[in-house]
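Down below is the structure, laid out as structure tokens.
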Amino acid sequence: MREHGFEFKFIHKNSEGEVLNDSGFLKNHMTDDGFEQMYDVYFRGAAAPASFEIGLAQNSLGQDSSIGDVMEVTGEGYSAEGVSRDAAGLPSLGLDDGDIQVETATVQFENTGESAWDSAVDGYLASDSELVCYRPLSATRTLQPGDTLDVTIRVKGLQP
């Protein structure tokens, strides 16, 4: 039996470029809305989302959370980042140890202000209408001026 999984990777660096935390790839939490949208598009021919976005939430999300439940991080320089449904937004499609996977381009959030951002609790992937999946960060992250947080998401079909 094949397993299907989304994974998030977070890399937090300070203003000097030093890595404060590299989470490695962590299994995500798919939302009910995300599963419903994926199955509706693939199996029933519903319109596919035009794009996706990766963002940071200052609240804990859950399996039954929807896009309206996300409380975005606020701070100078922050906004959710778009990921296009093409080779630019999802540049890697291929086999990894015999398992097919697709990986997003890395999105970098940078605090360009002079004060700390709200604390980020979860990273998320949303389509243009639904919260697809989320992942709690390995620890709550508060980006100080000059700090960056890189987020990469991959979807992998695991062979037994």
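The values are calculated or read from the model by the stated rules, or taken from the named source; none is laboratory data. Keep in mind it's a predicted model, so treat the numbers as computed, not measured. Glycine gets a Cβ as well: all are built from the backbone with ideal geometry, and neighbour counts include every protein chain shown. For the accessible areas, the whole protein counts, side chains as well, though only heavy atoms, and no ligand, DNA or RNA atoms are used. Shrake-Rupley method; radii C 1.70, N 1.55, O 1.52, S 1.80 Å.
Can you quote the Å³ per residue value for the convex hull of the Cα atoms in the stretch 5-157, rounded to an integer?
107 Å³
I'd like the orientation of helix 32-44 relative to the chain: the angle between its Cα long axis and the longest Cα principal axis, in ° from 0 to 90, rounded to 10.
Its long axis makes an angle of about 40 degrees.
Which order do the peptides 57-70, 123-136 take when ranked by the mean count of other beta-carbon atoms within 10 Å per residue, highest first?
123-136, 57-70
How large a share of the accessible area of the chain, in percent, is made up of carbon and sulfur atoms when the probe is 1.4 Å and the other protein chains stay in place?
C and S fraction of accessible area: 47 percent.
What accessible surface, in Å², does a 1.4 Å probe find on Thr104, ignoring ligands, DNA and RNA and rounding to the nearest 10?
10 Å²
With every protein chain kept in place and ligands, DNA and RNA left out, what is the accessible area per residue of the chain? Probe 1.4 Å, answer in Å².
Each residue of the chain exposes 52 Å² on average to a 1.4 Å probe.
In deg cm²/dmol, rounded to 500, what helix-only [θ] at 222 nm does the chain give when every DSSP H run of at least 4 residues adds -39500 (n - 2.57) and the total is split over its residues?
One gets -2500 deg cm²/dmol as the mean residue ellipticity at 222 nm.
Please list, or write none, the lysines whose alpha carbon is within less than 22 Å of the alpha carbon of Lys156, excluding same-chain residues fewer than 8 places away.
Straight-distance partners of Lys156: Lys9, Lys27.
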